[in-house]
Amino acid sequence: MSNSELLRYAVALCEHCRTKVVCGKIFEQITSKLEVQAAAEVIVDVITLDFFPEIIGTMKDCLGQLSRAREEVEMMLDDGYERRPESGDIIESDEDSEGNLR
C-alpha cells in the first residue's frame, strides 16, 4: 500500500474516532510496516488536518500510543507548529492566548 493510500485510510478512520487515543492506536497499526520517517509524515499529515483538533483528548494522548515514530512526529511538529506546552496540541493561527478563535 502506498503512503497516499495509507494517508487516505488514516483520514477516513480518524474522522470517525471519538478520542485521540484511538487515533494514536490507528496510526500505530497502519504505519507499522513503514520506515520511521515515512510513518511520521503520514501521522503529521493527519494530525494537521482541520478535523483533528475537534477529536476528544490531547496530542499527548495520541502520541502516547506510538512506539516507533513518536520522537520523529514530535520533532516534525515542534519544527513546523506552535504547540501548547501542557497538552502538546497545535495552536491554530487564529487563536488567542486562551484558545478562543478570533
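Every read-out reported here was derived from the displayed coordinates using simple, explicitly stated rules and does not represent laboratory data. Just so it is clear, the model here is predicted, and its values are computed rather than measured. For neighbour counting, all protein chains shown are included, and Cβ atoms are generated from backbone atoms with ideal geometry for every residue, glycine included.
Take the residues of segment 12-21 that are more than 12 Å from L66 (Cβ to Cβ) and of a type in the set (A, V, I, L, M, F, W, C): which is nearest to the chain's Cα centre (by Cα)?
C14
Scanning segment 3-23 for residues that are out of contact with any Gly (no Cβ under 6 Å at 6 or more places or on another chain), exposed (fewer than 15 other Cβ atoms within 10 Å of the Cβ) and farther than 14 Å from I43 by Cα yields H16, R18.
Per-residue answers, yes or no, for (1) over 13 Å from the mean Cα position of the chain (by Cα); (2) part of a loop (DSSP other than H, G, I, E, B):
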{"position": "E5", "(1), (2)": "yes, no"}
{"position": "A10", "(1), (2)": "no, no"}
{"position": "C23", "(1), (2)": "no, no"}
{"position": "E28", "(1), (2)": "no, no"}
{"position": "L34", "(1), (2)": "yes, yes"}
{"position": "I43", "(1), (2)": "no, no"}
{"position": "L66", "(1), (2)": "no, yes"}
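If you scan segment 45-60, which residues turn out to be of a type outside the set (V, I, T) and buried (at least 19 other Cβ atoms within 10 Å of the Cβ)? Scanning segment 45-60 gives F52, M59.
A single member of V22, V36 is β-branched (V, I, T) and either farther than 18 Å from M76 by Cα or free of Cβ contacts under 8 Å to residues at least 24 places away in the same chain (or both), and it is V22.
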